[in-house]
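Undergrad: Take a look at this one; I'll ask things after.
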Ligand code: SF4
């Protein structure tokens, strides 16, 4: 039997889809390796900043083997505008080395295998399988977690636990899209400091849990 929360969540997703059909990943990439690199760089940084460094990075390193043959220092010089660039250049080099040596230069296809790469967590792996292979996953970032809690879809703070709650409520075919829509809704309307509830398209479906101030 479908729970009331599951029905409500599906309605929320449909309304958000209607309001933001253009919602899509904001990172620029042309292939699966570039997608992984961009998502790795985007942790603790904005997509806009990542998009300013990746054209030169992708031109210099067209394949995983090119990164593997280089060094963290050389990679680091090209990503200095991105937060945590030192750790990211080390992780990028190590991850690409593993892809080149153990996966024939191709991106591993499962979330579990991707998570084995240095610097790739469960969330990053979920975003990558969603976009690269269309594999259902519901990665939870700061926006997804906050919006889901306010909507009363979870009480959890831990992203993996939030993901479990949300995945149970929605059909797998909708996970990837719901993930993207909640991110955009969090950025545009359900602001972390002061959500814009008066102009929110899902206001009538939202208990506004934990919201003290809004406009
Ligand atoms: S009604 Fe307010 S708290 Fe609920 S989703 Fe909309 S903006 Fe967020």
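Undergrad: Going through the range 182-210 one residue at a time, which ones are surrounded by fewer than 19 Cβ atoms within 10 Å (Cβ to Cβ), near the ligand (Cβ under 9 Å from one of its atoms) and more than 22 Å from the chain's Cα centre (by Cα)?
TA: 196, 197, 198, 199, 201, 203, 204, 205, 207, 208, 209, 210
Undergrad: Report whether or not residue 179 is within 13 Å of the ligand (Cβ to nearest atom), modelled with pLDDT of 95 or more and in a helix (DSSP H, G or I).
TA: no
Undergrad: Could I ask something else about it? Can you pull out the residues in the range 1-26 that are under 17 Å from residue 152 (Cα atoms), part of a helix (DSSP H, G or I) and touching a helix residue (DSSP H, G or I) at 6+ places or on another chain (Cβ under 8 Å)?
TA: Hits for the range 1-26 are 5, 6, 8, 9, 10, 11, 12, 13, 15, 16.
Undergrad: Also, quick follow-up: With the checklist (1) exposed (fewer than 15 other Cβ atoms within 10 Å of the Cβ); (2) more than 9 Å from the ligand (Cβ to nearest atom); (3) not in a helix (DSSP H, G or I) in hand, flag the one item residue 173 doesn't pass.
TA: (3)
Undergrad: Separate question: Could you tell me whether the range 126-149 includes any residue that is part of a helix (DSSP H, G or I), touching a residue at least 60 places away in the same chain (Cβ under 8 Å), buried (at least 22 other Cβ atoms within 10 Å of the Cβ) and over 12 Å from the mean Cα position of the chain (by Cα)?
TA: Checking the range 126-149: not a single residue is part of a helix (DSSP H, G or I), touching a residue at least 60 places away in the same chain (Cβ under 8 Å), buried (at least 22 other Cβ atoms within 10 Å of the Cβ) and over 12 Å from the mean Cα position of the chain (by Cα).
Undergrad: Kindly evaluate residue 166 against the criterion of being within 16 Å of the ligand (Cβ to nearest atom), in a loop (DSSP other than H, G, I, E, B), in contact with a helix residue (DSSP H, G or I) (Cβ under 7 Å, 6 or more places away or on another chain) and in the same structural domain as residue 17 (by TED's automatic domain parsing). Explain how you work it out, then say what you get.
TA: Working: within 16 Å of the ligand (Cβ to nearest atom): yes; in a loop (DSSP other than H, G, I, E, B): no; in contact with a helix residue (DSSP H, G or I) (Cβ under 7 Å, 6 or more places away or on another chain): yes; in the same structural domain as residue 17 (by TED's automatic domain parsing): yes.
No: the conditions fail for residue 166.
The values are calculated or read from the model by the stated rules, or taken from the named source; none is laboratory data. In this text, all values refer to a predicted model and were calculated from it rather than measured experimentally. Glycine also receives a Cβ, built like all others from the backbone with ideal geometry; neighbour counts cover every protein chain displayed.
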